[in-house]
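Below is one structure, written out as structure tokens; comments come after it.
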Amino acid sequence: MAPQSKKTSAKKSAESEMDAVALLKADHRAVEDMFASYEKARAPKKQELAKKICLELTVHSLIEEEIFYPAVKGDVEEDLLDEAYVEHDGAKVLIAELLAGSPDDDFYDAKVKVLSEMIKHHVKEEEKRAEGMFAQARDAGVDMEDLGRRMSARKKELKAEFKASGIPDPVTRTMHDAKIVTGEPFAEAAE
């Protein structure tokens, strides 16, 4: 195994010192950059980028669901928190599709694009200056330093686990009663 570069080591050290909001915002910016790279990429690189996006989003959603959301429950608007869980679950459906597919599949690029749009909306809801989830949590006095340390440690564990054994099948927390039947797209409009 190659020794860790000073740059990588410094990044990990800085990440472990971030408060929760800074850590989550850094994740948001990283995934936005990955989506932008995907849009410019050619076929050979697309699957690798999509897998990186899926890994980052899976880890991010887990640290939010396991640590951040429970810590801010009661301090942020309940509707905002409920929407965040549902948005995560919608993203997880697309993540599962992308992990099971390849850029050669019909709708693959469209799934990445829709996932990107869903994440942009989700990020906007969390980061709104006055009424966003992060602002509400800060205003309530949530200990962002402690949350940041816990989330950073969990993020490191999850990344190591997923790199060793692969990204697990997503677990939805809000979607469990629907019966879905898979069909083919309609070939042409009905006359």
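Just so it is clear, none of the values below were taken in a lab; they were calculated from the coordinates. Because the structure is a prediction, the values reported are computed rather than measured. No Cβ is skipped: glycine too gets one built from the backbone with ideal geometry, and neighbour counts run over all protein chains shown.
If you plug the beta carbon distance of D106 and K73 into 1/(1 + (r/R0)^6) with R0 = 30 Å, you get a FRET efficiency near 0.15.
Here S116, S102, S165 are placed in order of increasing Cβ neighbour count within 10 Å, fewest first, which gives S165, S102, S116.
In the stretch 18-165, with Lys and Arg counted as +1 and Asp and Glu as -1 at Cβ, which of these residues, V112, A164, C54, has the Cα nearest the positive end of the dipole, that is, farthest along it? So the residue furthest toward the plus end is A164.
Mean residue ellipticity at 222 nm from the helices of the chain, using -39,500 (n - 2.57) per DSSP H segment of n ≥ 4 over the full residue count, to the nearest 500 deg cm²/dmol? Before the final figure, lay out the partial values.
Numbers: 8 runs with 129 residues, N = 191.
Taking each H run of at least 4 residues, the total per residue is -22500 deg cm²/dmol.
Partner aspartates and glutamates whose Cα lies under 16 Å from the Cα of K179, excluding those fewer than 8 positions away in the same chain, are identified as D89. Distance between the 7 Å Cα→Cβ label points at D169 and A153: 3.1 nm.
Working from the Cα coordinates of the stretch 18-165, the gyration tensor eigenvalues give, after taking √(5λ), semi-axes of 28, 16, 13 Å in decreasing order.
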